[in-house]
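The values are calculated or read from the model by the stated rules, or taken from the named source; none is laboratory data. Everything numeric here is computed off the predicted structure, so don't read it as measured data. Don't worry about glycine lacking a Cβ; one is built from the backbone with ideal geometry, like all the others, and counts go over all protein chains shown. Each accessible area value is taken on the protein alone, full model and side chains, heavy atoms only, with ligands, DNA and RNA left out. Shrake-Rupley method; radii C 1.70, N 1.55, O 1.52, S 1.80 Å.
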Amino acid sequence: MSDFFITKSPNGVKFGQFKHLCDLPVRHGISTRIGGISQAPYAKLNLGLHTGDDSAAVNTNRQLFCDAVGVEFCKIVTAEQTHGDHIMIVTDCDAGKGHALYNESIKDTDALITNITNIPLMLFFADCVPIIIVDPIRKVVAVSHAGWKGTVAKIAQKTVLKMQDSFGSIPSDCQVGIGPSIGSCCYEVDQTVITHLKQNFSNWRKLVKQTHEAHWQLDLWLANKFQLEEVGVKTTNIIISDLCTACNTDLFFSHRAEQGRTGRLGAVVSLI
Ligand SMILES: [Zn+2]
């Protein structure tokens, strides 16, 4: 079994899991596009309500994905993701926020943390990087959404630091999974991104490869790994799935490869 593997649930949903998180007292998963009921261009397991897809179909898909992972659909907490760096601590009274209605999800937030059992945290992706963080010692879980803006704003690092501030998590105890998202193979960026990258990463040259004048390929996976290592997360505790969404549109939704008309994958984690 590799470090990140994809399984097919009896209900037809295919989803990925990190091997090192499977031994911990959590349920987690990252969906694929296989196993739902949405029609093209959202076929089939679209989990994003804000995509233009039929909301009843999306909620059926969310129920199917939750059943496959073994979490309660009506308790999932979601956020209105804005490519910012706001991080929310989810408590008992937030259970179910945005599970079926987009406008009830937590506003302007790109990372969710909780220390409460059986409240699944779920965020949505189509090329942006899903980061699942588990502290099995203090019993805290988190999920972060990092496109280039979240990556240069170091939202993954800020999530770990907030786990530390709020719950006493020690970064070296944290286990992290960096999920399927756009790989450097398919992620060409321009000067704007590079300018932000330079401001926030002293080692930015290790994260890019120049393809031609004013064009670079950016490795978002490595940029997120570096920022986690910077605050003490162990290299051996960070697993990168190594699957590019744009190279694998048969399996994943890709905003870039599908010119913006596509669905969303979900990344979920819950303490049990
Ligand atoms: Zn690729």
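Take the alpha carbon gyration tensor of the stretch 73-123, find the square roots of its eigenvalues, order them as a ≥ b ≥ c, and report rounded if a/c is under 1.5; if not, report prolate when a/b exceeds b/c, else oblate.
Note, shape of the stretch 73-123 comes out oblate.
Apply the a/c threshold of 1.5 to the C-alpha gyration tensor of the stretch 13-271 and tell me whether it is rounded, prolate or oblate. Don't jump to the answer; show the numbers that get you there.
Values: a/c = 1.68, a/b = 1.11, b/c = 1.51.
Oblate, since a/c reaches 1.5 and b/c is not below a/b.
Residue by residue through the stretch 89-98, which ³J(HN,Hα) values in whole Hz follow from phi under the Karplus form 6.51 cos²θ - 1.76 cosθ + 1.60 (θ = phi - 60°), with glycine and proline marked x?
8, 8, 10, 3, 6, 8, 3, x, 4, x
Report, in debye and to the nearest 20, how large the dipole of the stretch 13-271 comes out about its Cα centre when Lys and Arg carry +1 and Asp and Glu carry -1 on their Cβ.
Values: 24 positive and 25 negative charges, 61 e Å.
So the magnitude is around 300 debye.
Please give the peptides 35-45, 124-134, 4-14, 58-68 ranked by average Cβ packing (other Cβ atoms within 10 Å per residue), highest first, as a rough proxy for protection. All intermediate terms of the calculation are to be shown ahead of the outcome.
Values: 35-45: 19.1, 124-134: 26.5, 4-14: 14.8, 58-68: 21.7.
Packing order, densest peptide first, comes out as 124-134, 58-68, 35-45, 4-14.
Testing the spin-label approximation: label points 7 Å from Cα along Cα→Cβ at residue 209 and residue 234. State their distance in nm.
3.1
Rounded, prolate or oblate: which fits the stretch 150-272, taking a ≥ b ≥ c as square roots of the Cα gyration tensor eigenvalues, rounded meaning a/c under 1.5, else prolate when a/b beats b/c?
oblate
Select from the chain the helices, each a whole stretch of DSSP H, whose alpha-carbon atoms run 18 Å or more along the helix axis and whose Kyte-Doolittle mean is at least -0.5; answer none if there are none.
55-69
In the Gaussian network model of the chain, springs joining C-alpha atoms below 10 Å, which of 212, 99, 86 carries the largest mean-square fluctuation?
Residue with maximal mean-square fluctuation among 212, 99, 86: 212.
From Cα coordinates alone, what are the radius of gyration and Dmax values for the stretch 39-113 in angstrom?
12.5, 37
In vacuum, with every alpha carbon of the stretch 203-244 counted as one equal point scatterer, what does the Debye formula give for log10 I(q)/I(0) at q = 0.15 Å⁻¹? Two decimals, please.
So the normalised log intensities work out to -0.43.
Which one, 18, 252, 167, has the greatest fluctuation when you compute a Gaussian network model over the chain with C-alpha springs under 10 angstrom?
167
Give me the percent of the accessible area of the chain that comes from carbon and sulfur atoms, probe 1.4 Å, all protein chains in place.
Whole-percent figure for carbon plus sulfur exposure: 49.
Which of the aspartates and glutamates could a cross-linker span from residue 75 if the Cα-Cα distance has to be under 18 Å and same-chain partners fewer than 8 positions apart are dropped?
Candidates past the 8-residue exclusion: 67, 92, 94, 104.
Roughly how many Å is it from the Cα centre of the stretch 100-179 to that of the stretch 16-79, as a whole number?
17
What's the ranking of 225-236, 73-84 by average number of surrounding C-beta atoms within 10 Å, highest first?
73-84, 225-236
Give me the percent of DSSP beta bridges within the stretch 13-271 that run antiparallel, rounded to the nearest 5.
75
Quick check on my link table: of 158/198; 107/198; 158/234, which ones sit more than 20 Å apart, alpha carbon to alpha carbon?
Flagged as over cut-off: 107/198.
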